[in-house]
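Q: Can you keep this structure in mind? I'll have questions shortly.
The values are calculated or read from the model by the stated rules, or taken from the named source; none is laboratory data. A quick note: this is a predicted structure, and the numbers were derived from the prediction, not measured. Here Cβ is always computed from backbone atoms with ideal geometry, including for glycine, and neighbour counts include all displayed protein chains. When the accessible area is computed, the model is the full protein with side chains, heavy atoms only, and any ligands, DNA or RNA have been set aside. Shrake-Rupley method; radii C 1.70, N 1.55, O 1.52, S 1.80 Å.
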Amino acid sequence: MKQKKINPLLTAALLAGMLLVPVPAALSGARAERGSSAGPAKLRFMPLWSPQAQFAGYYMAAKQGFYKKRGLDVEILAGGPQAPAEKTLRTGGCDITLLWLSSALKMRDSGFQLVNVGQIVRKSALLLVAKKSSGVKTPADLNGKKVSIWPDFDTQPKAFFAHEKIRPKIITQSHSVNLFLTGAVTAACAMTYNEYHTILNSGFNAGELVSFAPADYGINFPEDGLYMTRTSYEKNPEAACSFAKASVEGWLYAFEHPREAVAETIEYMHKARLPANEAHQTWMLNAFKTALLPDGRPDNAGLLDEKDYTFTAQELKRAGIIKTFPDYKSFYKNCK
Amino acid sequence: MIKNKSLAVKLMLIFSSATVAVFLVIFGFNYATARKIIERNTRTQAELIVQSAVFRIEGVLRPVMTSVGSLAGFMSEGVPAQDRILRMLRDTVANTPEIFGSAAAFEPYNYLPGRKFFAPYCYRDGGKFRNSWLDGSDYEYFLQDWYQIPVELEKPVWSEPYYDEGGGNILMATYSFPFRNPVLKARVDGVVTADVSLERLTRIVSGIKILKTGYAVLVSKSGTFVTHPNTQLIMNESVFSLAEAAGNAPLRELGRRMIAGETGFSLINTATHGSCWVYYAPIPANGWSIALFFPRGELMADISRLNRETMFLSALGLLVLVFVILCISRSITRPLAAMSAAAELIGSGDFDAPVPAPETEDEIGRLAGTLRYMQNELKEHIRRLTETTAAKQRFESELNIARDIQLSFLPKLFPPFPDNHHFDIYALIQSAKEVGGDLYDFQMLDEDHVFFVIGDVTGKGVPAALFMAVTKTLLKVTATKNVSPEQVLAEVNDDLSEGNEKAMFVTTFIGTLNIRTGDIIYSNGGHNTPLVIRADGTASYLEPLEGMVVGVMKGMTFRKATLKLNPGDMLFLYTDGVTEATGPGNELYGEARLLADLQGVSARPIKEIVHGVLGRLIAFSNGDQADDITMLLLKYYGPEHPREIERTNNILR
């Protein structure tokens, strides 16, 4: 009866919620060392979740030697439910990790000193998806309709509803899209690179769906960003920046060589004994292209937009999720 | 191109291509028909298999649905006590063997105010039944599909299949039935559920054996594989993810039709089994879909083998056909070639060239017979021709002799009287045939008189020549009797008419010239009127003198007339071969032309004058002589006048 088809986002969020216990910063981030004197700087990188194309850029940066080229000795740790990113960072299990901006702001609000050294996913991949057959054409059409949203990621959709001045009937969305598929709700949340593809692979054609990306309406909550503890960052900011730059290079390489990137991803998945679906990974990689390069300008890759930062932080504060948020400059270390 | 090929090649090409075409049409028709039959049979078979499978699957699902439905009915009648709910759940599980466990889950705080979670669960554990509670802080059942979807839809729902994590990784599905508040009917109070193991369903579907490699699959409402021969795909992949991975749009369309609850039969390409006929039909109870895959290669294996064998046999047959055609055409062309060679030899003159004997009664045989006949006829013809030619040559040589004899009759030495200075004669005869019927003659009757004659016997050739010889002889003999010319004609006429059965006759003009006086006495037997050419150069025809042709009728009389020649005058005699010579457009030479020719020629030698006329005649008729041409020119020099000496043989051959 207890269905466990676990959604990575949800689980990460749940775990993040459970682990919002401050850990002394001194315990973590001590491993980053200067590479100039003692050989290459060792960096342990913890992906946000189990191997998938969401991390293809880092895999390719490692494979193509982009890290090594910058004097880094990067170890990509095995991510997944057994090793939640936040917890690993808190306990010093890694030197650098991926976190959503909202999660990072919550950690920071809880007192954990961490800094953003590169914003990888600059445009939120969150979508609100409806069936055309339900008559929905514009966000306004959702007013009064049942819309399911993830309880732990409700700030962004709610901000979107406020922005559009609509009041849908909010249903709690869990780990499947079946509510949406069976027609129990008019619209549901979906990540472009994940649930949206699940919906397509449940027999709905893209042409039969209508989707709204809050980011397109200015309601942009940047997602995957590179985070380190302030301490370890300050020990070797060059290494941190090198990592961010090499990662971006890896991503650009992955977009140029999607087959190779997907093959490498699947290699990682096999190592982790995960069922691998090439089509899904290809889809995911493609979806990340827009997420990383929303303006199509590679030179802007890795940039945390101050407006997006402030907007996200303010919305989280207004929702009561955080009480305070740090100054943009003290939170984000621009490696440019 | 084909025009240049040999008959054998042509026949072979035409027959074999026609045969191949006919064969292909038959083969194609056969194949299409067989395919249609197989397709129809496959569909029928698939329908039966699917109907039976659906019936059996429904047999698993329907009792569950009925049980849960009645459970929900109870719940809507009035909120039962906890014990009673547990008993009802237990009864439901116990009475329906398909049900593994059953729950009644209430909306938050709906069962008891102050109690958020209320969801008792009864399930089998070996032969026993155990109770437990689904609620707990880590398991908000309100958010589960099995609860949320029926509540939101307000109707019973079968869940997507899932692996039961507690029950040994069994594939399960939950049937959830929302029940309403007994008082507030509009309000959904919660759901009752039944968990069903899909083992029996999957056994039913997996148990379907189709041919050797065919298979059946069961897919859920979202297209996820519930059963598949490749167990890796079960719950991991859907029809759509497979279609996406393979870039197989028709497969995706098939999946859409399946989850839409359609029934159908279509041909689809699969990554693992190639082209397959697929029959699919929904399971009405839960909206899932079952599909049977019949690999086309296997279905068509028998037909394909038959096709290969037919192809092989046909190729063999074609070879035999080609061989037979070659034999037939050779049997036709061999005698044809032999005949062609023989005909060539015959054409080149070898009439004894071997001609193939007719072996058959058909056209070729007849052609051989005809060729032989032609060869024999040709040989015979040539033989006859040779004989005829020989005869003709003999005849010709005889004719030549005859001609020589005939000409020898005629005086051919000119001048005939070289010592006589009073006159001169020049004559020529040119026969149209080897021997002609014209004649001329002259002789001295005494010292003062010269007799001259010109004549033309009817007809030509030997008879005319003989008649001419007779006539000449008679004239000469009679003339020497010293009688008048009209008497000569009368006598000769009588002699010739006698026994002249062939009714041949002769026209003749005779006369005697007194060389002392220049007087001429003449008579005419139906001959052309001569011309007189005076010494001054003027020429004119004599007055016509009537007279019958000679030799037709006995007892005819002829008239005589006289003419005075002065020194230098000439008398020109001729036969109708001169005036009736034909020129362009069948125009006759005519007397007028002759007259014109002879004007002003008096000063020229007599031989030149005669040959001048002949030359013009030949030019006029373009050498095409139809009749004998004879001319005689008598010139009188006078009693004492000397004359030039001409001594020439003027007989022209």
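Q: Computing the accessible area with a 1.4 Å probe over protein heavy atoms, can you report the carbon and sulfur percentage for the range A:145-277? Let's see the in-between values first.
A: Working: 2530 of 4870 Å².
Roughly 52 percent, rounded to a whole number.
Q: Okay, moving on. For the range B:105-148, which residues drop by 30 square angstrom or more in accessible area between the chain on its own and all protein chains together (1.4 Å probe)?
A: Going by heavy-atom accessible area, the residues of the range B:105-148 that drop by at least 30 Å² are B:Y139, B:L143, B:Q144, B:D145, B:W146, B:Q148.
Q: Given the Cα-Cα distance of B:S348 and B:Q393 and 0.36 nm per residue of separation, how much length would full extension add, in nm? Write out the running numbers ahead of the final one.
A: On the way: separation 45, 0.36 × 45 = 16.20 nm, distance 2.47 nm.
Taking 0.36 nm per residue and subtracting the Cα distance, the gain is 13.7 nm.
Q: FRET efficiency for B:I170 and B:S132, Cβ-Cβ distance as r, R0 = 22 Å, nearest 0.05?
A: Working from the Cβ atoms, E equals 0.85.
Q: Spin-label point model (7 Å from Cα, Cβ direction): what's the A:K137 to B:R187 distance in nm?
A: Going by the 7 Å Cα→Cβ label model, 3.9 nm.
Q: Hey, another quick one. Using a basic spin-label model with each label point 7 Å from the Cα along Cα→Cβ, how many nm lie between A:A78 and A:A206?
A: Result: 3.6 nm between the two label points.
Q: Just reorder B:R383, A:R108 by solvent-accessible area, largest first, 1.4 Å probe, all chains present.
A: On the way: B:R383 110, A:R108 35 Å².
These residues rank, largest area first, as B:R383, A:R108.
Q: With a 1.4 Å probe and all protein chains kept in place, how do B:M556, A:M191 rank by accessible area, largest first? All intermediate terms of the calculation are to be shown ahead of the outcome.
A: On the way: B:M556 45, A:M191 0 Å².
Order by accessible area, largest first: B:M556, A:M191.
Q: Taking chain A as a whole, which cysteines find no other cysteine Cβ under 4.7 angstrom from their Cβ?
A: Taking the Cβ cut-off of 4.7 Å, the unpaired cysteines of chain A are A:C94, A:C189.
Q: Under a cut-off of 19 Å between alpha-carbon atoms, report the lysines in cross-link reach of A:K63, not counting same-chain residues fewer than 8 places apart.
A: Here the lysines satisfying the reach criterion relative to A:K63 are A:K42, A:K245, A:K271.
Q: Testing the spin-label approximation: label points 7 Å from Cα along Cα→Cβ at B:D83 and B:Q45. State their distance in nm.
A: Here the answer is 6.1 nm between the modelled labels.
Q: Here's a follow-up. Which lysines does A:K165 reach when only Cα atoms under 18 Å apart count, and residues fewer than 8 places away in its own chain are ignored?
A: A:K137, A:K145, A:K146
Q: Here is a follow-up. Tell me which aspartates and glutamates have Cα within less than 20 Å of A:K158's Cα, excluding those fewer than 8 residues away on the same chain?
A: Partners found: A:D141, A:E195, A:D216, A:E223, A:D308, A:E315.
Q: Rolling a 1.4 angstrom probe over the protein chains, ignoring ligands and nucleic acids, what is the accessible area of B:R534 in square angstrom, nearest 10?
A: In the full protein context, B:R534 sits at about 70 Å².
Q: Taking the full set of protein chains and a 1.4 angstrom probe, give the accessible area of B:M339 in square angstrom, rounded to the nearest 10.
A: Rounded to the nearest 10, the figure is 10 Å².
Q: For B:H449, what accessible surface area do you get with a 1.4 Å probe? Give it in Å², rounded to 10.
A: Roughly 60 Å² of B:H449 is accessible to a 1.4 Å probe.
Q: What residues does the range A:173-197 have that are buried by at least 20 Å² of accessible area in the full protein assembly compared to the chain on its own, 1.4 angstrom probe?
A: In the range A:173-197, residues shielded by partner chains: A:S174, A:H175, A:N178, A:L179, A:T182, A:A184.
Q: Given a 1.4 angstrom probe, I'd like the percentage of the accessible area of the range B:1-121 that is carbon and sulfur, rounded to a whole number.
A: Working: 4230 of 6780 Å².
Carbon and sulfur atoms account for 62 percent of the accessible area of the range B:1-121.
Q: Given the Cα-Cα distance of B:D404 and B:R62 and 0.36 nm per residue of separation, how much length would full extension add, in nm? Walk me through the numbers before you get to the answer.
A: Working: separation 342, 0.36 × 342 = 123.12 nm, distance 14.09 nm.
Stretched fully, the B:D404-B:R62 segment lengthens by 109.0 nm.
Q: Of the listed pairs A:K68/A:K289; A:K131/A:K329; B:K412/B:K564, which have alpha-carbon separations greater than 32 Å here?
A: Values: A:K68/A:K289 24 Å; A:K131/A:K329 42 Å; B:K412/B:K564 27 Å.
Cα-Cα > 32 Å for A:K131/A:K329; rest within.
Q: If you take the beta carbon distance between B:T529 and B:D446 as r and set R0 to 30 Å, what does 1/(1 + (r/R0)^6) give as a FRET efficiency, to the nearest 0.05? Spell out each step's value before the answer.
A: Details: r = 27 Å, r/R0 = 0.92.
It comes out at approximately 0.65.
Q: Using a 1.4 angstrom probe on the protein heavy atoms only, line up A:R230, B:R372, B:R115 by accessible area, largest first.
A: Working: A:R230 45, B:R372 100, B:R115 75 Å².
These residues rank, largest area first, as B:R372, B:R115, A:R230.
Q: In Å², what does the accessible area per residue of the protein assembly as shown work out to with a 1.4 Å probe? Could you put the intermediate results ahead of the total?
A: Numbers: 45300 Å² over 989 residues.
Using a 1.4 Å probe on heavy atoms only, each residue of the protein assembly as shown averages 46 Å².
Q: Figure the gain on full extension for B:R334 and B:V320 (residue separation times 0.36 nm, minus the Cα-Cα span) and round it to one decimal in nm.
A: Values: separation 14, 0.36 × 14 = 5.04 nm, distance 2.03 nm.
Result: 3.0 nm gained on full extension.
Q: Still on this structure, please answer the following. Roughly how crowded by other chains is peptide A:201-209, in terms of the mean Cβ count from those chains within 10 Å of each of its Cβ atoms? Each step should come with its number before you reach the end.
A: Details: counts 14, 12, 16, 4, 4, 0, 0, 1, 0.
Going residue by residue through A:201-209 and averaging, the value is 6.
Q: Follow-up. Kindly identify residues of the range B:251-286 having a loss of at least 40 Å² in accessible area between the isolated chain and the assembly of all protein chains, probe radius 1.4 Å.
A: B:R252, B:R256
Q: Compute the FRET efficiency between A:T310 and B:Q232 as 1/(1 + (r/R0)^6), taking r as their Cβ-Cβ distance and R0 = 41 Å, and round to the nearest 0.05.
A: After rounding, the FRET efficiency stands at 0.30.
Q: For every helix of n ≥ 4 consecutive DSSP H residues, a contribution of -39,500 (n - 2.57) applies; sum these over chain B, divide by its total residues, and give [θ] at 222 nm rounded to the nearest 500 deg cm²/dmol. Please report the intermediate quantities before stating the final value.
A: Numbers: 14 runs with 279 residues, N = 653.
It lands at -14500 deg cm²/dmol.
Q: Something else: Extent of the range B:133-232 along each principal axis, from alpha carbon coordinates, in Å, largest to smallest?
A: 59, 28, 19
Q: To continue, here is another question. Give me the percent of the accessible area of the range B:428-547 that comes from carbon and sulfur atoms, probe 1.4 Å, all protein chains in place. Let's see the in-between values first.
A: Working: 2280 of 4510 Å².
C and S fraction of accessible area: 51 percent.
Q: Next question. Chains B and A: buried accessible surface, both sides, probe 1.4 Å, rounded to 100 Å²?
A: Numbers: alone 33060 and 14830 Å², together 45300 Å².
Adding both sides of the contact gives about 2600 Å².
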